[in-house]
1. Under 5 Å between amide hydrogens, which residues at least 5 positions from His129 or on another chain qualify, with H placed 1.01 Å from N in the peptide plane?
2. Note the per residue figure in Å³ for the convex hull of the C-alpha positions in the range 150-304.
3. Using just the helices of the chain, give the 222 nm mean residue ellipticity in deg cm²/dmol: DSSP H runs with n ≥ 4 each add -39,500 (n - 2.57), and the total is spread over all residues, rounded to 500.
4. Could you tell me the relative contact order of the range 41-294? Use alpha-carbon pairs under 8 Å, at least six residues apart, and round to a whole percent.
5. In vacuum, with every alpha carbon of the range 96-178 counted as one equal point scatterer, what does the Debye formula give for log10 I(q)/I(0) at q = 0.20 Å⁻¹? Two decimals, please.
6. Between beta-carbons, use under 11 Å as the cut-off and find the net charge around Phe128, counting Lys and Arg +1, Asp and Glu -1.
7. Given R₀ = 45 Å, what would the calculated FRET efficiency be for Lys192 paired with Glu421, taking r from the Cβ atoms and rounding to 0.05?
8. Roughly how many debye, to the nearest 20, is the charge dipole of the chain about its Cα centre, given +1 on each Lys and Arg Cβ, -1 on each Asp and Glu Cβ, and no other charges?
Amino acid sequence: MKKSDPQEFFPYHGGKLFCEEVDLSEILRKHGSPTYVYSHEGFRSPVERLKTGLSGLPVQICFAMKSNSNPELLKILKQCGIGIDLVSGGEMRIARSVGFSGNQMVFSGVGKLPEEIESALKNDVFSFHVESIPELDLIQEILEARFPPDRRARVALRFNPDVNPKTHPYISTGLRENKFGLEKSEILWVAKNLKNWPRIQIAGLSIHIGSQLVTLAPMKEAFQKLKSCVETFESLSKIELEYVDLGGGLGIRYKNEKPPTIEDYCKLIQKEWSAWIQGRRAATRVFLEPGRLISGNAGVLLTQVQFRKERKSRTFLIVDAAMNDLARPSLYGSYHEIIPLNSALRKGKTASTDIVGPACETADRFASGRKVPVSWKRGEFLALLSCGAYGYSMASNYNSRPRPAEVLVKNKEFFLIRDREKIEPL
Ligand code: LLP
């Protein structure tokens, strides 16, 4: 299986679908359906490829844990030596519980709460990625009110470069019309008015223009705008920045997209930033915040066919996973490859089929008009691929459905890393 393929860590062996060296039907027998299954190597491998591709560059990778915040999976990334990009007090507590220290964390987000800011300061979070001037004021106020006079906060201003990332509008973040970041004029205004925030040390500028980017051109454009913004900021403020944060956003292959490889992405970063960094007087680091790139193709969602419903115009396969377990198809119309656990069911006569869940909405649909074999019937097991990112982390209890179990596979072994939710707490 090719690198970065949705099935890279989920191959067929002897007619059965595996994760690494574990037969997925064994996991279902033990833990039931629906269940998320993750490959240990699936998490590790993209990180190692990033590290190799970026070697020589002073770089700090911070995993965007909104894409998947299961503590056991975060532990794998901790062992790889990378940090965390977090967006809430909840994520901060989870990251701390796994053993990440504050200085391995950057805190992003447009609407940080006062208590989250206070707790981030207490935890010595490395930096706040600030998205508005009132947010700078709030950090300053909290420091003045609750911390000793010599305590300052490190901040990177999130620059909105007004670049079209050419992705789904719901996950496009770098256009002027999006709620994210500060415009260049605001950043330069901050540079001229630093005296307003004596307790804040501006240490960097950050960008994140969107998610599931399948070409590098918008990133390159954003990098160039970021460089020019850094240079103007530094000349106005007389500050030398410690780092630039290039965000996340590199897409993965769900279907037949051809996203740039991790190696292509690293080459672009090396080309755009190596010489620039070497030419600077101050030591400057490059931060990255990849989420999906690391977690996306490391996980699948297993589900069982409940009913086959045939109409003249359409066939429906009703499975036991629903939009509460995996929201992406109903929210973004996103495509996930769906394959049977029994490889014999890959062949044969096909029919145009809607694969749907049991939730009471027409939007509860994982595939629409997909050509699938007519042999897929009640009782068969299916795997929805590429569900490691924004799968479980966006799951809900809609229809009072308990969220699924999560299982981690490492070589020949598998471990339950989150119980199926029980109905009582709901
Ligand atoms: N940094 C910031 C500031 C972000 O807002 C995000 C994602 C990332 C990094 C990581 O982006 P990634 O490398 O994963 O593309 N729920 C959507 C994706 C939302 C992305 C939100 N921000 C989906 O399922 O496609």
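1. Sorted by chain and number, the residues that satisfy this are Phe107, Ser108, Ala156.
2. Values: hull volume 22.6 nm³, N = 155.
Cα-based convex hull of the range 150-304, divided per residue, equals 146 Å³.
3. -8500 deg cm²/dmol
4. 22
5. The computed values of log10 I(q)/I(0) come out as -0.93.
6. 0
7. Working from the Cβ atoms, E equals 0.30.
8. 1200
The values are calculated or read from the model by the stated rules, or taken from the named source; none is laboratory data. All figures in this text were calculated on a predicted structure; none of them were measured in a lab. Counting neighbours? That spans all protein chains shown, and the Cβs are built from the backbone with ideal geometry, glycine included. SASA here: full protein model, heavy atoms, side chains in, ligands and nucleic acids out. Shrake-Rupley method; radii C 1.70, N 1.55, O 1.52, S 1.80 Å.
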